Amino acid sequence: MLNAKRVYMLAADHRWQWEEWCDARSILRARIADVKRLAFDAFMKARELSSEVHADGALLVDEQYAAAVIAYAMQAGVTVGTPAEKAGAFPLAWSTDPFSRALTGAFVKVLVRFRPDYDERLREAQWEKLQTLQTWCRSAGKPLVVEILVERRQEPEEEFDAYGRPSILAGFIGQAYRRGLAPAFWKIEGTLSPDGAQIVDKAIAARPAVRQILLGKAADLSTIDQWFAAAAHSATAVGFAIGRSVFWDPSVAYLSGTISAGEATAEIAATYLKLVDAWTRTRE
């Protein structure tokens, strides 16, 4: 089960990104299952090498391309979760109906896109779906992780990343709490601004049991280090859920035939462990 004090999540539930990549290169979509297995093998290698990963590591993968990986992970005692949303869908839509077909892991993740200037009917429909999912998760005894993505439009980039997005995230979280939506974890976009990180932290802390984990957005490790540092004094921040920054390049190289599965696995594991070390350093 996810640890409320520390989460090192390798997020490998990407679907539409791999579908687009494969289709553009005339590679069979069936090969996507191979990169899911790479992520799992890398996670298990890191788990062998790191007591931190063994204790607090988690894996996020999808039933669509990684059903076998989910079974392997559960047999190995790994904390594995599954996504509820239909890949790439906006507004929020479900990957399958009923939930039990897709949500076979120990925890559930859902991704929702939000801006306060979205059409009100769209926003209301998404709120209703999130509340429905929360009800199911509570009945099933599965912690819910809600990922929020806030797109930048015409706003100046630096100001938006430092204050605009954190303020929108805080507003969304506050509205969620007022509606009775309180997931176990928020999966949050990082910021380079400690002040921005505190805006989000304060909003999340209104429900003392709720925590946050930082997502990666395919950023380089140097940028992620800075996000970790900005969140160092956020009491609700307990770890990360990062994927493409860790596995994308080695997986692409493997599918392209330039490196072996073993080489890709080793590279993914090494990068994942670098993130674990980076998070640990910010908490020393």
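So which residues in the range 106-154 are at pLDDT below 95 and among the acidic types (D, E), if there are any at all?
none
Out of the range 79-115, which residues are in contact (Cβ under 8 Å) with a residue 40 or more places away in the chain, over 30 Å from D161 (Cα atoms) and either assigned to a strand (DSSP E or B) or among the β-branched types (V, I, T) (or both)?
Selection gives T79, T104.
Go through the range 218-239 and give me each residue that's outside any helix (DSSP H, G or I) and either under 18 Å from T271 (Cβ atoms) or of a type in the set (G, A, S) (or both).
A218, A219, D220, A231, A232, S234, A235, A237, G239
Quick grid of which residues meet (1) part of a helix (DSSP H, G or I); (2) within 20 Å of T104 (Cβ to Cβ); (3) at pLDDT 95 or above:
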residue: M1; (1), (2), (3): no, yes, no
residue: M9; (1), (2), (3): no, yes, yes
residue: D13; (1), (2), (3): no, yes, yes
residue: W21; (1), (2), (3): yes, no, yes
residue: S26; (1), (2), (3): no, no, yes
residue: R31; (1), (2), (3): yes, no, yes
residue: V35; (1), (2), (3): yes, yes, yes
residue: A39; (1), (2), (3): yes, yes, yes
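When the range 38-56 is examined, which residues are found to be in contact with a helix residue (DSSP H, G or I) (Cβ under 8 Å, 6 or more places away or on another chain), in contact (Cβ under 8 Å) with a residue 60 or more places away in the chain and either crowded, with 22+ Cβ neighbours inside 10 Å or of a type outside the set (S, T, N, Q) (or both)?
Of everything in the range 38-56, those that are in contact with a helix residue (DSSP H, G or I) (Cβ under 8 Å, 6 or more places away or on another chain), in contact (Cβ under 8 Å) with a residue 60 or more places away in the chain and either crowded, with 22+ Cβ neighbours inside 10 Å or of a type outside the set (S, T, N, Q) (or both) turn out to be L38, A39, D41, A42, F43, K45, A46, L49, E52, V53.
Of everything in the range 236-265 that's under 19 Å from the mean Cα position of the chain (by Cα) and of a type in the set (A, V, I, L, M), which residue is surrounded by the most Cβ atoms within 10 Å (Cβ to Cβ)?
Filtering first and then ranking leaves V246.
Please specify each residue of the range 152-193 satisfying the condition of being within 22 Å of A11 (Cβ to Cβ), in a helix (DSSP H, G or I) and not β-branched (V, I, T).
D161, R165, P166, L169, F172, A176
Of (1) surrounded by fewer than 23 Cβ atoms within 10 Å (Cβ to Cβ); (2) more than 26 Å from A205 (Cβ to Cβ), L103 satisfies all except one. Which?
(1)
Taking Y163, is it farther than 28 Å from V61 by Cα, at pLDDT 95 or above, touching a helix residue (DSSP H, G or I) at 6+ places or on another chain (Cβ under 6 Å) and not basic (K, R)?
yes
Residue-wise test of (1) surrounded by 18 or more Cβ atoms within 10 Å (Cβ to Cβ); (2) without any contact (Cβ under 8 Å) to a residue 40 or more places away in the chain; (3) part of a loop (DSSP other than H, G, I, E, B).
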| residue | (1), (2), (3) |
| --- | --- |
| I70 | yes, yes, no |
| G77 | no, yes, yes |
| D117 | no, yes, yes |
| L133 | yes, no, no |
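Kindly indicate whether any position in the range 203-216 is assigned to a helix (DSSP H, G or I), modelled with pLDDT of 95 or more and either acidic (D, E) or within 22 Å of L59 (Cβ to Cβ) (or both).
no
Do you know which residues across the range 55-75 are farther than 23 Å from Q17 by Cβ and either aliphatic (A, V, I, L, M) or more than 19 Å from the chain's Cα centre (by Cα) (or both)?
Residues satisfying the conditions are A55, A71, M74, Q75.
Hey, can you tell me all the residues within the range 173-206 that are within 12 Å of A235 (Cα to Cα) and not aliphatic (A, V, I, L, M)?
Q198, D201, K202
Which of the residues that make up the range 106-120 are under 12 Å from L149 (Cα atoms), of a type in the set (A, V, I, L, M, F, W, C) and out of contact with any helix residue (DSSP H, G or I) (no Cβ under 8 Å at 6 or more places or on another chain)?
Scanning the range 106-120 gives a single hit, L111.
Against the condition touching a Pro at 6+ places or on another chain (Cβ under 7 Å), buried (at least 18 other Cβ atoms within 10 Å of the Cβ) and of a type in the set (A, V, I, L, M), how does V146 come out, does it pass?
Against the criterion (touching a Pro at 6+ places or on another chain (Cβ under 7 Å), buried (at least 18 other Cβ atoms within 10 Å of the Cβ) and of a type in the set (A, V, I, L, M)), V146 qualifies.
The values are calculated or read from the model by the stated rules, or taken from the named source; none is laboratory data. It should be emphasised that the depicted structure is a prediction, and the values quoted were computed from it without experimental measurement. Backbone-built Cβ (ideal geometry, glycine too); neighbour counts: all protein chains shown.
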